[in-house]
Structure formats: C-alpha cells, structure tokens
Amino acid sequence: MNSTTATRPNGLALFILPSALLFALFFFLPIGLMAVMSVLTGNPVVMPKVAFTTKHYVRMIGDPFYLEVIWTTIRIGLVTTLVALAIGYPLAHWMARIKSRTGHALLLIAVLAPMLTGIVVRTFAWMTLLSDKGVVNETLMSLGFISQPLKLMYTETGIVVGLVHIYVPFMVLTLTGVIGRIDERLEQAAENLGASPLRAFLEVTLPLSVPGILAGSLLVFALAISAYVTPILLGGFQIMTLPILIYQQISANFNVGFAAALGIVLLVISLLLVVAYNRALGLVSGQRELQ
Amino acid sequence: MQTTASPSLPATRQTASVRAPGPARPYGRYLYLAINIAILVFLLAPIAIVVVFALNPTPFIQFPPVGVSLRWFEKFFASRDFMHALGFSLEVAVLTTLSATALGASAALALARGNLPGARLIVATMLSPLMLPAILTGLALFQTYVLLDVGRPTWGLVAGHTLVTLPYVVRTTLAVLHNFDLRLEEAAQNLGASPVRTFFEVTLPLIKPGVLAGAIFAFIVSFDQFPVSLFLVSPGNETLPVTLFNYLKFDLDGTIGAASVVSIVLAFVVVIGLDRTVGLRSYVKL
C-alpha cells in the first residue's frame, strides 16, 4: 500500500467521511448504547429513574439455564465447524488443483449457488429433507432400511446439518485460496522421492494449509454461533441458542436490558474470533511473502 | 476484464503442465472423486428439492412427488402479502445497493489513495460487519431506534442493510484499486487533464468492474438479508425473507417452494449477469 510512501492525507482522504459517519451513527453508537443498556435497570427514555446495575450479568451467570444456552450455542458451533472442515477441505483441494478452466468454473458455481440462495430458503429445503415424512425418511423407509422414521428434525443433528450446508461454502472459498497458493511442485517432489500421494498430502500440503484451516474454521464458527433462522426452524423452538434467546427477550419478554447483556456476551465471543481470524489471515499473507 | 484478476488466485496453474506422470494409483483417485461428488450432491440436492416441491401439486410436502403443476406459483403471485413483501424487498435492496455502492466505492478510493493514517485498521473495521453477528447489528439498531423514538422507518432498515453490504463493495473496489497502474493517471495529467477530469475519464472507468461487482453482491446480500431485517421491519411492511420465515413457522406447503424458486432465479440471473459483465473469479475471495 502506498500509505507508507507519503504521510500526509490528501484530498481523496475526505471520501472516507460518508462511510465513517455511517459507521459512527449506525454501528458504533448503537453498539455503545447496547453496552450501556446492558448495565442499566431500565430504559432511560421511558423510565424517569434508572440506575447502574449488574443484575443482567449476574442473572446470566447465576442461572444454569443461561449457561446451558451459551454452552449449547458453542457446542453447535464447534460441531458445525468440524464437519464443515471435513467436507469443505476435499472440495477446496479439488477446486485449487483442478486443471480444466471449465471444471473450475463449474465447481465455483456449485459452491456459490447455495450461498446465493437465501438462508430461509435453504432452511426450508432442509425441513423438507429431514422431517418425519421428509425425503430422507421416506426414501429410507421405502427401501426398507428403517421401519420408523428417524428423528432428524428438532434435534441438534438437524441443526448442524443445516448449518454445515449454509456455511461450508465460506470454508471452501477460504481454503481453496490458501491451497491454491501452495506450490504443487512441492507435492510432486515428495512423490518423486517415493512418498505416496496420501503421505505427500499429509506431510506437505496439509501442514502448509493450516493457516487457511484456522481462518476458515474461525469464520464458520463465528457465523454458526450467530445463526438464528436455522436453529429455530430445524430445532423447532425446542433447542435454545444465544441468538434465539436474544430475540425472545426482545419479542416476547421485551427485556431490553437482558437482551443487551446477552448481546454483549455474543459480541465479546465474536470479537475474540475476529482478532484470531485476522491473525490467521496474517499467517497466510506472511507465507505468501515467503514464496 | 482480466486486468482485474486478484493477485491471490493460484498462479501456479500454468506450472501444472510440467507435472511428471506419476505411477497410476486409480483407486485413491476414484475415492477422491467419489468423496467430492458426494459433497457436491450434499451442496446442490437441497436446492433441487426446493424446485421439486415448488412443482409438486399436493397440498402438503410429499415425497416422492406425484406430478407437475404451477399452482403454487399462481398462489404465490396471487398472494398480496407475498407480492407486497417481494416489492418491499426489491425496494430495500435497490436503495441499499445505491447507498452501499456510493459509500463503499468512495471509502475504498480514500483508503487506497488518500494516504490515510491507520488505513489497515480502517479496512479491518469496515469489513467487520461481515464477521460480527448480523443479529447483533439488528439488535443494537433496534434498541437505538427505540431509545431515539424514531419508530421503524424504511431508512432505518436501509441503513442497517447498508452496514452489512458495504464490506462487499469496499473489498471488490479495493481489489481493483490495488491492481491499478498509477502511471495511467499520471499520463492523463501530464497530457493536461485536470485531476477531476482524470478521475472521471481514467480512474472511474478502470475501477468500474470492481464497483459493479460490489454493487451486485450488495443487492443479493440485501435481498436475502434476514437477521437485521428481523429486528427492523414493522408488521405489515416486511421483507420477503421475513415473510417466508413467518409463513414457514406455521405452514409447510408448496408456496414456500415457489417463493424460493423465484428468489433463487432472481439471484442466478444477477450472478450470471455478474459473470458475463465483469467475470466472477476475480472477486471470489474471502
């Protein structure tokens, strides 16, 4: 970047102002207000007397139900991330190594197509697949593999399947960029020296792609723990995650302060993930400079 | 349009032709392909299923399908709620695209050329709505609008959408600006063009593909946006994803399938347009 060559901002720097204003008014101010609301006894506009309080946070820590909700959210996020990595990696590897341009374009379209289909639509698709009379159960029953429908929907498994489908493209696109940067001749050298393709992959490509694995996993985890539509529809209101709880506090209980406190917890987790993600991507670009 | 190719794309593809033919190991290769094809089926089958259910005439979701009819499409297009939601979604998406493109492209220009101190930090901040939960953006904006007692205006929703779509425009425009030959601008100015004329006749046409790609991303993301809308729409004035979501909570019939197909087709038309006009590969980078 040329920001290091000259130190004084020039006239073009002014073009940042409209976006800076947008972020100040519609991002930093609201998040700041949310932080303030999370430590107040009530809405300062409606109520004449509000005081500072930590009751929302105490309530969260003191009640096992809320801790359980946070843990469920993280658990679903972790499993989703691991599954997305397991199925995203092979596809990313194929995309990075495929020789034909047409093949690459087709794979890219296949990965992008789900991304460009709305979250609500894709969750609907999984409802039709996973419900008791859904495609999966009907097919398995007509083939005689099972006599009773498997309980796929309204379970954590169902939620994870839906979330993996929604977020695996992010994993694939992150990984394919990193794998594509690894010089293929390194693998060939290993194979020429007698390693099997599997061993060449495990000892050369896989270690070199670790920054991509980290970046993709953090991204998917961050997205999965903040998902709302998929957990609520595939969980059938029976499995509670942090985003569901937050919306419920607003829509049903109108407990703005507690919702704000829950939001701050989700924000802190996400910010930690953003920092880690940027570190991981820093590793990727450091690697690129080495080559 | 190939001038805008991102530097991070695998440049090693050309070197692939020097690969020495190793010993044939067909089984490993077949397994590799089989796994990948299974993954592709997992990715694409749900979308195909939606189309099947949109065309299946039975009143409930039923498998295997029994026939082909357009009744759910008729029901969708005849429904006032869905049509209102579709119109409102398009309105919000267009307004969002306009504001996100104007703000994002000028911000990218300032970041790439303005010699701003801390430009890296500003870029990271502007991209952060991509990583931070959109539901928090929705919640925080909702609380702010309540505190300021402004109600739930359309501009409030558009502001929220602009916030979550701006990163796409910033990223695609920055990608183009980083591959930009500064000597072209210098040449124009040496030949006597004013800085303003240089901007409109040299800079703008060259960054147009990146700005356009960002605009198309912004449109699609806004059209499909759910978590921010969930908090900021007012009853009776909902976007299509929110209407679909509310419908899905109680009904599971083919209308949803038809609505889904309509929005999938819309997204595909936009993407194919994107690919035709500016080339897709250059911008797909996370």
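The values are calculated or read from the model by the stated rules, or taken from the named source; none is laboratory data. Keep in mind that what you see is a predicted model, and the values were worked out from it rather than measured. Virtual Cβ from ideal backbone geometry, glycine too; neighbours counted across all protein chains shown.
Couple of notes before you dig in:
- Selected residue (criterion: surrounded by the most Cβ atoms within 10 Å (Cβ to Cβ)) from residues of the range B:190-237 that are of a type in the set (S, T, N, Q) and farther than 23 Å from residue B:140 by Cα: B:203
- For the range A:136-170, residues that are surrounded by fewer than 23 Cβ atoms within 10 Å (Cβ to Cβ), among the aliphatic types (A, V, I, L, M) and either within 8 Å of chain B (Cβ to nearest Cβ) or farther than 23 Å from residue B:260 by Cα (or both) total 5.
- Subset of the range B:59-82 [within 15 Å of residue A:138 (Cβ to Cβ) and touching a residue at least 60 places away in the same chain (Cβ under 8 Å)]: B:60, B:61
- Counting only helices (runs of 4 or more DSSP H) wholly contained in the range B:174-249, the ones carrying 3 or more residues that are under 23 Å from residue B:77 (Cβ atoms) occupy B:204-224, B:240-248.
- Residues in the range A:158-198 that are not hydrophobic (A, V, I, L, M, F, W, C) and not in a helix (DSSP H, G or I): A:183, A:194, A:196.
- Taken as a whole, the condition of being over 16 Å from the mean Cα position of the chain (by Cα) and part of a helix (DSSP H, G or I) applies to residue B:136.
- Those helices (runs of 4 or more DSSP H) of the range A:205-291 in which 2 or more residues are more than 18 Å from residue A:73 (Cα to Cα) occupy A:210-225, A:242-251, A:256-290.
- Annotation note: Cβ proximity below 7 Å between a residue of the range A:99-126 that is at the interface with chain B (Cβ under 7 Å from one of its Cβ atoms) and a residue that is of a type in the set (Lys, Arg) (sequence gap 6+ or interchain) occurs for A:108/B:281; A:114/A:122.
- For residue B:54, the test of being in contact (Cβ under 8 Å) with a residue 12 or more places away in the chain, in a helix (DSSP H, G or I), surrounded by 22 or more Cβ atoms within 10 Å (Cβ to Cβ) and not assigned by TED's automatic domain parsing to the domain that holds residue B:239 is passed.
- For the range A:9-61, filtering for residues that are surrounded by 14 or more Cβ atoms within 10 Å (Cβ to Cβ), of a type in the set (Phe, Trp, Tyr) and away from chain B (no Cβ under 12 Å) leaves 1.
- Any hit, the range A:25-47, residues being closer than 20 Å to residue A:268 by Cβ, in contact (Cβ under 8 Å) with a residue 12 or more places away in the chain and not hydrophobic (A, V, I, L, M, F, W, C): yes
- Residue within the range B:88-105 that is acidic (Asp, Glu), surrounded by fewer than 21 Cβ atoms within 10 Å (Cβ to Cβ) and more than 7 Å from chain A (Cβ to nearest Cβ) present: yes
- Summed over the range B:249-275, the residues that are at pLDDT 85 or above and within 17 Å of residue A:244 (Cα to Cα) give a count of 0.
- Listing of helices (runs of 4 or more DSSP H) fully contained in the range A:64-138 that carry 1 or more residues being among the β-branched types (Val, Ile, Thr) and under 20 Å from residue B:52 (Cα atoms): A:119-130
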